[in-house]
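In what follows, a single structure is set out as structure tokens and then discussed.
The values are calculated or read from the model by the stated rules, or taken from the named source; none is laboratory data. Values in this document were obtained by computation on a predicted structure and should not be read as measured data. Remember, those area values only see protein heavy atoms, side chains included, never the ligands or the DNA or RNA. Shrake-Rupley method; radii C 1.70, N 1.55, O 1.52, S 1.80 Å.
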Amino acid sequence: IQIYDIPVDRISFYFFLYNFSMVGVISIFWSRGVPTFVKQGYLIATSVILAWQLSHFDAWTTWALLVMLALYDLCAVLTPCGPLKALVELMSKDDSPDMPGLLYEAELPPEAHRPGVPNQSSQSSVSDDDDSNHIITGYGIE
């Protein structure tokens, strides 16, 4: 803001910051009725902001964070008691709770169907609230 000489008072800045964070939290964790592009746009914006913040570290700090993140990722994914395996097993159960934002989700096209779920080609349209057109990625669960 100072580089481009944009006049913004504190109240307006904090109001914008609060709205940005609330829209993001609502779009990720309470996604009913929120368009997909809002959630994807928020995730991209926060990733860009985080990458910009990390670009201000010196080289040794950046490499140390990268190595620690890679080691944690290996542990989380490959160990039998890792948090990712526990989360995927929990989400694979039939009576699993909705946990948006904790696992990546991909939408299937309307003409596709999940294995084990009856084909919905007889319906004229598929609503966004229907959970059968989403797949959970991770460990090959589709």
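Assorted remarks:
- At the residue level, Phe16 shows approximately 130 square angstrom of accessible surface with a 1.4 angstrom probe and all protein chains present.
- Note that region 21-31 has calculated 3J(HN,Hα) couplings of 5, 5, 5, x, 5, 5, 5, 8, 9, 9, 8 Hz, one per residue in order, obtained from phi through the Karplus relation 6.51 cos²θ - 1.76 cosθ + 1.60 (θ = phi - 60°); glycine and proline are x.
- Computed over region 1-42, the P(r) tail beyond 13 angstrom holds 59 percent of alpha carbon pairs.
- Contact order normalised by residue count of region 1-98, Cα under 8 Å, 6+ apart, percent: 9
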